[in-house]
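**Student:** Structure in structure tokens, see below.
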Amino acid sequence: MIDLKNIYIETYGCQMNFSDSEIVVSILENDSYKYTSDINSAGVILINTCSIRDKAEQRIWKRINQLKSLKKKNTNLIIGVIGCMAERLKNELLKTDVVDLVAGPDAYRDMPALIEKAKKNQKASNVVLSEIETYDEIKPNYFQTNGVSAFISIMRGCQNFCTYCVVPYTRGKERSRSPESIINEAKNLFEKGYREVTLLGQNVNSYKWDSNNEKVNFAKLLESVALISPLLRVRFTTSHPKDISDELIYTIAKYKNICNYIHLPMQSGSTKILKLMNRRYTREWYMDRIKAIKRIIPDCSISTDVISGFCSETEEDHQDTLSLMQWVGYDFAYMFKYSERSGTYAAKKLKDDVPEDVKGRRLNEIIALQQKLSYESNLKDVGKTFEVLIEGVSKRSGKQFSGRNQQNKVVVFDKEDAKIGQYVNVKITDCTSATLIGKILNK
Ligand code: SAH
Ligand code: SF4
Ligand code: F3S
């Protein structure tokens, strides 16, 4: 049965969006609404969207079209589009006969009012970006979690203006949340039984808090969260290579519960392309930072993001990307074809001149190399024993659990008498390029 007070929410895009959906649900539940996981009982359907690549937006347009039939069945149904695509394409979205309301990433406190307006059959929107909003005191409703691992958003926005990227336009200026509220949120999660938090931001290592004579950088914040309990694992993402200091790497090394895993997107291995991307580091700088990580944390795993076929990328630039990947020996990578986004510097000033088939072929070479690197990295782990935090039942078999080791590698193993949320020592006996397979060691 449909209840007009029931909220259903679907999330696309990055982890920041996942965390935001939990904030949106909390804001609405503090009003008069209730979260439902059943779309057919919802009076309000929200789609939290991503604009990062054209493909991401196409997928969401498709989804919006599918929702037409639900709207025909129930004329009272409110459909809202929120997040980055809402920010970017407000007018196009409101023009459709599906979308009733649009809210950008900094307008979520306005959601109850927007829904009220939409209920009166008026199109409602708020895409005003803020320089201060961090939803600091909102306690997220962790409806998407497994009760073991949760995300904590520590900062919002980005003003690095990498020339290909829409995020500075959809999420506004960079701002950090108070250390006190972050530490409290992590403490609350730990007390509720959670055993892992991931601190989130587009550039977590640029985290900066400076108020009432209290100065806190990311290394200090990370340390404070790690000190809550040795049983609370701390992760963080994404780190920008330009800001990865030795102080931060030493902090990760110092605390056992700060996971030895760094996601450090390189984007390209060619200094010429990095300059055109406005990444503010060179191939040599990036290599120096990787050397520092490997020196200070020898068992640290490292992952990356790579873009193939950015404007004016030559075969030589592409080879530079492959050779840097090989040199680092990434454990994991997210790999994309360059997708031009209107409004960005690259769209306005640079030519998207690498033909689609060349972008595709280069991407395939990047993926094939990473597949080999991931497999090699996992093979090295066979025979080793890792502490694994059990996150849930394995998708492959109900008889097995799945969890991750410090290095963020997924490990599956027979359940034996262990429990979700528990730490176990697992000896690795086998692997694929994506998963480690092992057995719990008798205590
Ligand atoms: N803040 C993070 C990443 C945010 S977006 C960072 O700077 O590393 C996640 C990834 O999407 C980026 O690292 C990049 O690899 C990819 N990406 C962003 N814009 C893109 C575009 N226009 N085309 C293709 N990939 C893109
Ligand atoms: Fe986009 Fe660059 Fe900011 Fe990452 S750092 S979100 S790639 S502008
Ligand atoms: Fe997408 Fe916005 Fe995240 S564009 S990647 S949802 S910040």
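**Student:** Please compute the Kirkwood hydrodynamic radius over the stretch 67-222, one decimal place, Å, based on all pairs of different Cα atoms. Please report the intermediate quantities before stating the final value.
**Tutor:** On the way: mean 1/r = 0.0571 Å⁻¹.
Radius from the Kirkwood sum: 17.5 Å.
**Student:** List, in order, the whole-Hz ³J(HN,Hα) value for each residue of the stretch 265-271 obtained from phi through the Karplus relation with A = 6.51, B = -1.76, C = 1.60 and θ = phi - 60°; use x for Gly and Pro.
**Tutor:** Coupling constants for the stretch 265-271: x, 8, 6, 8, x, 9, 4 Hz.
**Student:** If you don't mind, there's one more thing I want to ask. Provide Tyr345, Tyr35, Tyr164 in ascending order of the number of other Cβ atoms located within 10 Å of each residue's Cβ, fewest first.
**Tutor:** Tyr345, Tyr35, Tyr164
**Student:** Next up: Specify whether the C-alpha gyration tensor of the stretch 385-440 places it in the rounded, prolate or oblate class, a ≥ b ≥ c being the square roots of the eigenvalues: rounded for a/c under 1.5, otherwise prolate if a/b is larger than b/c and oblate if not. The partial results should precede the final answer.
**Tutor:** Working: a/c = 1.41, a/b = 1.15, b/c = 1.23.
It is rounded, given that a/c, with a ≥ b ≥ c, falls under 1.5.
**Student:** Could you sort 393-399, 21-27 so that the peptide with the highest average Cβ count within 10 Å comes first and the rest follow in order?
**Tutor:** Descending mean neighbour count gives 21-27, 393-399.
**Student:** Whole-Hz Karplus ³J(HN,Hα) for the stretch 321-329, in order, using 6.51 cos²θ - 1.76 cosθ + 1.60 and θ = phi - 60°, x for Gly and Pro?
**Tutor:** 5, 4, 5, 5, 4, 5, 5, 6, x
**Student:** While we're on this one: Provide the gained length on full extension for the span Glu191 to Met1, in nm with one decimal, where the gain is 0.36 nm per separating residue minus the Cα-Cα distance.
**Tutor:** Between Glu191 and Met1, full extension yields 64.8 nm more.
**Student:** Further question: Stretched out fully, how many nm does the piece from Thr429 to Phe161 gain, at 0.36 nm a residue minus the Cα gap?
**Tutor:** Additional length available on full extension: 92.0 nm.
**Student:** Next up: Restricting things to Cα coordinates, could you compute the convex hull volume per residue of the chain in Å³?
**Tutor:** Convex hull volume per residue, Cα atoms: 155 Å³.
**Student:** Suppose we take every Cα in the stretch 37-85 and form the convex hull; what volume per residue is that in Å³? Kindly include the intermediate steps, with their values, before the conclusion.
**Tutor:** On the way: hull volume 3.4 nm³, N = 49.
Normalising the Cα hull of the stretch 37-85 by residue number yields 69 Å³.
**Student:** Would you give the gap between the C-alpha center of the stretch 231-271 and the C-alpha center of the stretch 5-62, rounded to a whole Å?
**Tutor:** Rounded to whole Å, the Cα centres lie 29 Å apart.
**Student:** If each of Ser323 and Asn442 carries a label point 7 Å out from its Cα toward its Cβ, how far apart are those two points in nm?
**Tutor:** Label at Ser323, label at Asn442, 5.3 nm between them.
**Student:** When only C-alpha pairs under 8 Å and at least 6 residues apart count, what is the relative contact order of the chain, in percent?
**Tutor:** Relative contact order comes out at 10 percent.
**Student:** Assuming R0 = 41 Å, can you tell me the calculated FRET efficiency for the pair Arg63 and Asn213, based on Cβ-Cβ distance, to the nearest 0.05? Working shown, then result.
**Tutor:** Details: r = 48 Å, r/R0 = 1.18.
So the FRET efficiency works out to roughly 0.25.
**Student:** Strictly under 4.7 angstrom between C-beta atoms: which cysteines of the chain have no such partner?
**Tutor:** When partners are defined as cysteine Cβ atoms under 4.7 Å apart, the chain leaves Cys14, Cys50, Cys84, Cys158, Cys259, Cys300, Cys311, Cys431 without one.
**Student:** Ranked by Cβ crowding within 10 angstrom, fewest neighbours first, how are Asp317, Asp136, Asp100 ordered? Display every interim value, and only then the final one.
**Tutor:** On the way: Asp317 22, Asp136 12, Asp100 26.
By the 10 Å Cβ count, ascending, the order reads Asp136, Asp317, Asp100.
**Student:** Can you classify the stretch 3-126 as rounded, prolate or oblate using the Cα gyration tensor, where a ≥ b ≥ c are the square roots of its eigenvalues, rounded means a/c under 1.5, and otherwise it's prolate if a/b beats b/c and oblate if not? Walk me through the numbers before you get to the answer.
**Tutor:** Details: a/c = 1.37, a/b = 1.14, b/c = 1.20.
Rounded is the answer for the stretch 3-126, as its axis ratio a/c remains below 1.5.
**Student:** Could you list, in their original order, any pairs among Lys208/Lys291; Lys62/Lys95; Lys71/Lys95 whose Cα atoms are separated by more than 22 Å?
**Tutor:** Pairs exceeding the cut-off: Lys208/Lys291.
**Student:** If you line up the Cα atoms of the stretch 152-244 on their principal axes, what length do they span on each, largest first, in Å?
**Tutor:** Extents along the principal axes: 41, 29, 22 Å.
**Student:** Dipole magnitude of the chain about its Cα centre, charges +1 at Lys/Arg Cβ and -1 at Asp/Glu Cβ only, in debye to the nearest 20?
**Tutor:** Rounded to the nearest 20 debye, it is 520 debye.
**Student:** My understanding is that a pair violates if its Cα-Cα distance is over 28 Å; which of Lys187/Lys419; Lys72/Lys120; Lys272/Lys337; Lys272/Lys409; Lys192/Lys384; Lys192/Lys415 do that in this structure? It would help to have the intermediate numbers written out before the result.
**Tutor:** Numbers: Lys187/Lys419 22 Å; Lys72/Lys120 17 Å; Lys272/Lys337 18 Å; Lys272/Lys409 33 Å; Lys192/Lys384 32 Å; Lys192/Lys415 23 Å.
Going by Cα-Cα distance, Lys272/Lys409; Lys192/Lys384 fall outside the 28 Å limit.
**Student:** Okay, moving on. Calculated FRET efficiency, Glu180 and Leu231, Cβ-Cβ r, R0 25 Å, to nearest 0.05?
**Tutor:** Numbers: r = 22 Å, r/R0 = 0.87.
Here the calculated transfer efficiency is 0.70.
**Student:** Between Lys55 and Ala253, what is the label-to-label distance in nm when each label sits 7 Å out along the Cα-to-Cβ direction?
**Tutor:** 3.8
**Student:** While we're looking at this one, here's another question. Give the residues of the stretch 321-341 whose amide nitrogen is closer than 19 Å to a point set 7 Å from the Cα of Ile296 in the direction of its Cβ.
**Tutor:** Backbone N within reach: 328.
**Student:** So what J values fall out for the stretch 112-121 if you push phi through Karplus, 6.51 cos²θ - 1.76 cosθ + 1.60 with θ = phi - 60°, rounded to Hz, Gly and Pro as x?
**Tutor:** Values per residue, Gly and Pro as x: x, 5, 5, 5, 4, 5, 4, 5, 8, 6 Hz.
All of the numbers you see were taken from the coordinates with simple rules; none came from a lab. Predicted, not measured: the structure shown is a model, and the values here were computed from it. With ideal geometry, Cβ positions are generated from the backbone for all residues, glycine too; neighbour counts draw on all protein chains shown.
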